[in-house]
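Peer 1: This is the structure I have questions about; it appears just below.
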Amino acid sequence: MALRNLPPYWLLASATSVFGIVVFGGLTRLTESGLSITEWRPGTGSFPPRDETAWEEEFARYRLSPEFKMLNSRMNVEEFKKIYWMEWTHRLWGRVVGITFLLPTVYFVARRRVSARMAMNLVGICGLIGFQGVIGWWMVKSGLKDDLLETGTHPRVSQYRLATHLGTAFVAYLAMLWNGLEILREHRLLRDPEHGLKLLETLRHPSLRTFRRSVAGLSGLIFVTAISGALVAGLDAGLVYNNFPWMGQNILPPRREMLDPFYSHTPDNQDLVWRNMFENPVLAQLDHRILATTTFTAVLTLWAYSRYSPAVRSLLPKSGRMGMLGLVHLVSLQVILGVSTLWYLVPTPLAAAHQAGALALLSGVLVLGGRVWVPQRTMRLVRNAVAQAQGQAQGKSGSLVGQRGPDAMMRAKIARPVSA
């Protein structure tokens, strides 16, 4: 593989690793293993306990946590090791992601193997990965405080911090995926610049403007829906109402449950609405249902528009149509996973698959966007390649004419009649 092709495939491999750690992080939370390590040691934390004495010391620190006191007071060392290894693997995986991204970035930037713009993107992703590590500990630390138990009986991390942690992971993943796919797309277009220019000009047709903007809006909607799912997970809101589409006897739960004054922190209840939106499990689940239903409807509507609008159907390339159909399949699967997770009281396999489905759905809309959006830089590169190819063709043509000139003159002299 040529060195110039390494950056995109390395970016896609890094994105795959981040996808995996997101799913594994969900499993760590679902198995209640995330609070088993009560310290953050970025360096020495890479090494687990090596003997029974070290295990007893680690277990003693865990016994001081609210989770042990309220949920696992009968846990022994052997049981503790199971949840410890889950969290330790999650943290080690995060370190591996950081190292395997930072070192190649330093190499590619130092050796000028990437453009200045791509170098800035890579450095930005490195910053996101480092920031993600800090947010991870910030999140875990919130679950080690007793004050979080004042409004409940189950020790858990802050749903705000969990949503921030998951959102940052999503952004890092999407940045890797987008940049990797963008480089591959540029390489593919530059292999046949004339065909590539025709494709890009077709995608920039005014009749596709609404479709392109809709894909961008859909990306934001899917992201917001996924983050609302993090709030549901942080509040254990999936255990509140376990039927669908009903919530109890009606589509909507009782108003008193949706806007409970218990969650307000002010005497005049000015924060009643937003506090309940982010802290009340009932309203958090309802919000997620509404966002998920809206996302499902929006995807199907956009697919119908791409299929039954004559202008869009005639202009949208095959890759765009396939991407749109793939998005329909992904959102349908995600709805099935979400409803099944609710019906079966959030079993670990289904819940983890539902979280993976959210990231897969985001990947699908990003891939679709990469097939229909036309960045200015890509258009400029392809136009320059076409102009360069035309210039080379004209140069060859002129050279051939120059080579034929003397021969033509000689033939003319021979053919000219001799005067008497």
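Peer 1: Tell me, rounded to the nearest percent, the portion of alpha carbon pairs in the range 200-386 spaced more than 23 Å apart. Can you show the working numbers first?
Peer 2: On the way: 8913 of 17391 pairs.
In whole percent, the long-distance tail amounts to 51.
Peer 1: Further question: If you place +1 on the Cβ of every Lys and Arg and -1 on the Cβ of every Asp and Glu, how big does the dipole about the Cα centre of the chain come out, in debye to the nearest 20?
Peer 2: Working: 45 positive and 27 negative charges, 654 e Å.
Its charge dipole is roughly 3140 debye.
Peer 1: A further question follows. Please name whichever of 304, 385, 339 sits farthest to the positive end of the charge dipole of the range 200-386, dipole taken about the Cα centre and charges placed at Cβ: Lys and Arg +1, Asp and Glu -1.
Peer 2: Farthest towards the positive end: 385.
Peer 1: In the Gaussian network model of the chain, springs joining C-alpha atoms below 10 Å, which of 371, 307, 188 carries the largest mean-square fluctuation?
Peer 2: 188
Peer 1: Quick check for me: using +1 on Lys/Arg Cβ and -1 on Asp/Glu Cβ, what's the dipole size of the range 249-307 about its Cα centre, in debye to the nearest 20?
Peer 2: Numbers: 5 positive and 6 negative charges, 72 e Å.
It comes to approximately 340 debye.
Peer 1: With all protein chains present, how much of the accessible area of the chain (probe radius 1.4 Å) comes from carbon and sulfur, to the nearest whole percent? Each step should come with its number before you reach the end.
Peer 2: Details: 14190 of 22620 Å².
Carbon-and-sulfur percentage of accessible area, whole number: 63.
Peer 1: Find the accessible area per residue for the range 204-253; the probe is 1.4 Å, ligands and nucleic acids are left out, and the unit is Å². Display every interim value, and only then the final one.
Peer 2: Details: 2350 Å² over 50 residues.
On a per-residue basis, the range 204-253 sits at 47 Å².
Peer 1: Hey, another quick one. Given the convex hull over the Cα atoms of the range 11-191, what projected area results after averaging over all orientations, in nm²?
Peer 2: Values: hull surface 47.3 nm².
Spelled out: convex hull of the Cα atoms, projected over all directions, averaged, 11.8 nm².
Peer 1: Let me ask another. Taking the chain as a Gaussian network, where each spring joins two C-alpha atoms under 10 Å apart, which residue of 333, 162, 174 fluctuates the most?
Peer 2: Comparing 333, 162, 174 in the GNM, the peak value goes to 333.
Peer 1: Nearest 0.05, what FRET efficiency do residue 205 and residue 23 give at R0 = 35 Å with Cβ-Cβ as r?
Peer 2: Working: r = 39 Å, r/R0 = 1.11.
E between residue 205 and residue 23, to the nearest 0.05, is 0.35.
Peer 1: How far, in degrees from 0 to 90, does helix 193-203 lean away from the longest principal axis of the Cα atoms of the chain, to the nearest 10?
Peer 2: Compared with the principal axis, the helix lies near 50 degrees.
Peer 1: Taking R0 as 45 Å, what's the FRET efficiency between residue 305 and residue 85 from their Cβ-Cβ distance, rounded to 0.05?
Peer 2: Working: r = 49 Å, r/R0 = 1.09.
Between residue 305 and residue 85 the formula returns 0.40.
Peer 1: Roughly how many Å² of residue 210 are accessible to a 1.4 Å probe, to the nearest 10?
Peer 2: 80
Peer 1: Also, I was wondering about something else. For the chain, with a Gaussian network of springs between Cα atoms less than 10 Å apart, report the residue from 298, 119, 110 with the top mean-square fluctuation.
Peer 2: With Cα springs under 10 Å in the chain, the top fluctuation among 298, 119, 110 is at 110.
Peer 1: Then there's this: Report, in deg cm²/dmol and to the nearest 500, the calculated mean residue ellipticity at 222 nm for the chain, where each DSSP H run with n ≥ 4 adds -39500 (n - 2.57) and the sum is divided by the residue count. Spell out each step's value before the answer.
Peer 2: Numbers: 15 runs with 309 residues, N = 420.
Using -39500 (n - 2.57) per qualifying helix, the result is -25500 deg cm²/dmol.
Peer 1: Based on the mean of other Cβ atoms within 10 Å per residue, sort peptides 27-37, 373-383 so the most packed one is first. Can you show the working numbers first?
Peer 2: Working: 27-37: 21.5, 373-383: 14.8.
Ranked by mean Cβ neighbours within 10 Å, highest first: 27-37, 373-383.
Peer 1: The list [x] 1.15; [y] 1.07; [z] 0.97 gives values of Rg/Rh (Cα atoms, Kirkwood Rh), and only one came from this structure; which label was calculated from it?
Peer 2: [x]
Peer 1: What ranking do 132-139, 363-370 get when scored by the average of other Cβ atoms within 10 Å per residue, highest first?
Peer 2: 363-370, 132-139
Peer 1: From the convex hull of the Cα coordinates of the range 188-284, what is the mean projected area in square nanometres? Before the final figure, lay out the partial values.
Peer 2: Working: hull surface 43.2 nm².
It is 10.8 nm².
Peer 1: Contour minus end-to-end for residue 138 and residue 383, with contour as 0.36 nm per residue of separation and end-to-end as the Cα-Cα distance? Write out the running numbers ahead of the final one.
Peer 2: Values: separation 245, 0.36 × 245 = 88.20 nm, distance 4.78 nm.
Full-extension gain reported as 83.4 nm.
Peer 1: While we're on this one: Specify which residue in the list 28, 45, 127 is farthest towards the positive end of the charge dipole of the range 24-148, using unit charges on the beta carbon of Lys, Arg (+1) and Asp, Glu (-1), about the Cα centre.
Peer 2: The Cα lying farthest towards the positive end belongs to 127.
Peer 1: Here's a follow-up. How much length, in nm to one decimal, is gained on full extension between residue 13 and residue 221, taken as 0.36 nm per residue of separation minus their Cα-Cα distance? Working shown, then result.
Peer 2: Working: separation 208, 0.36 × 208 = 74.88 nm, distance 2.62 nm.
Length gained between residue 13 and residue 221: 72.3 nm.
Peer 1: Give me the log10 of I(q) over I(0) for the range 87-184 at q = 0.15 Å⁻¹, as the Debye formula computes it from C-alpha points; what are the numbers?
Peer 2: -0.68
Peer 1: Enumerate the calculated ³J(HN,Hα) couplings along the range 303-308 in order (Karplus 6.51 cos²θ - 1.76 cosθ + 1.60, θ = phi - 60°), each rounded to whole Hz, writing x wherever the residue is Gly or Pro.
Peer 2: Values per residue, Gly and Pro as x: 5, 5, 5, 5, 8, 10 Hz.
The values are calculated or read from the model by the stated rules, or taken from the named source; none is laboratory data. Values in this document were obtained by computation on a predicted structure and should not be read as measured data. Don't worry about glycine lacking a Cβ; one is built from the backbone with ideal geometry, like all the others, and counts go over all protein chains shown. Just so you know, the surface numbers come from the protein's heavy atoms only, side chains and all, with ligands and any DNA or RNA stripped out. Shrake-Rupley method; radii C 1.70, N 1.55, O 1.52, S 1.80 Å.
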